[in-house]
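For reference, the structure is listed below as structure tokens.
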Amino acid sequence: MEQGRRPLKPDLATLLDEVLLTKGALATAVDNMPETDRYPAWSEQYMDLEREAISMSFFANQVLPGLLQTEYYARAVIRSRVPTFSEDEINTRVANRLERQEILHRKVPPTASFILSEAIVLAQLGGPEIYRETLHHLRLCVDLPGITLQVMPLARQTHAALDGPFILLETPEHQHLAYSETQRGSQLVSDPDEVSILAQKYAMLRTQALNTEDTKGLLDRLLGD
């Protein structure tokens, strides 16, 4: 919080005021803090968890997860937003997204599994040059320590996650959580029964998707083309 990497939330500010005997100064400061959030308010809690997670599992069906995006792909995604952002806002959001990727390059990185719809790796978001760079980046990511990348073929006749994308996380305290986003919000799931259902879906997705070697082969063929 002192470094500005995560916000001071109102409930914690109130607790700190009690512990530090600061007579409500922190709670008052939070109430009057200018709007300079790096991430949408509804995703901040997830960002905190993502930074500390020891394992993460992503299913994506429309756009690459932020941890796998290149700068130009991220810029193309953010430029596609309706209504549009200003150029300064686009630059800020791209920088924040790229900074998150340090998670995958830590000395002890989390175990990360990504299952991507084939539609994502076929869509030329941003144009041909950005598309080729994105494929090359994904091919490099496949070989990063701790990362598993699989592609879900479009030709499959069964699919375990037709309800949409989601993320599973495990915290350092071994708490299992899930997260999903909609057009204008998000949901952090902590109920063990609900998390278990999504974990079952993810386990089935891993059997339905191409294995890692076949995924590498697909990326190599697309790069060749």
Task: Furthest towards positive pole of dipole, THR134, MET204, LEU8, structure part the chain, Cβ charges - done: THR134
TODO: Using only the Cα atoms of segment 148-215, build the gyration tensor, take square roots of its eigenvalues as a ≥ b ≥ c, and label the shape rounded, prolate or oblate: rounded if a/c is under 1.5, else prolate if a/b is larger than b/c, else oblate.
DONE: prolate
Open item on the list: Just to confirm my numbers, what's the Cα centroid distance between segment 75-90 and segment 171-193 in Å?
Closed with: 26
Open item on the list: Nothing charged except the Cβ atoms of Lys and Arg (+1) and of Asp and Glu (-1): what's the magnitude of the dipole of the chain about its Cα centre? Round to the nearest 20 debye.
Closed with: 540
- [ ] Please determine, in degrees from 0 to 90 and to the nearest 10, the orientation of helix 212-224 with respect to the longest principal axis defined by the Cα atoms of the chain, where the helix direction is its Cα long axis.
- [x] 70
- [ ] Quickly rank 204-216, 188-200 as a protection proxy: mean count of other C-beta atoms within 10 Å, highest first.
- [x] 204-216, 188-200
- [ ] Quick one: compute a quarter of the convex hull surface over the Cα atoms of the chain and quote it in nm².
- [x] 14.4
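Between ASP48 and LEU12, what length in nm is gained on full extension when 0.36 nm per residue of separation is reduced by their alpha carbon distance?
Numbers: separation 36, 0.36 × 36 = 12.96 nm, distance 1.43 nm.
Stretched fully, the ASP48-LEU12 segment lengthens by 11.5 nm.
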Task: Folded to 0 to 90 degrees: helix 10-20 orientation relative to the chain principal axis, Cα - done: 50
TODO: Using a Gaussian network model of the chain whose springs link C-alpha atoms within less than 10 Å, name the residue from ASN91, ASN61, ASN32 with the highest mean-square fluctuation.
DONE: ASN32
TODO: With springs only between Cα atoms under 10 Å apart, run a GNM on the chain and tell me which of LYS107, LYS23, LYS201 wobbles the most.
DONE: LYS23
Open item on the list: So the label point goes 7 Å from the Cα of GLN175 along Cα→C-beta, right? Which residues of segment 194-212 then have their backbone N under 19 Å from it?
Closed with: 194-199
Open item on the list: Could you work out how much longer the chain between GLN200 and GLU71 gets when fully extended? Use 0.36 nm per residue separation minus the Cα distance between them, nm to one decimal.
Closed with: 43.1 nm
Task: Helix axis angle, 128-141 relative to the chain longest principal axis, alpha carbon, degrees - done: 80
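Where a number appears in this text, it was derived from the coordinates with a stated rule and is not lab data. Keep in mind that this is a model prediction, so the values were computed, not measured. Glycine also receives a Cβ, built like all others from the backbone with ideal geometry; neighbour counts cover every protein chain displayed.
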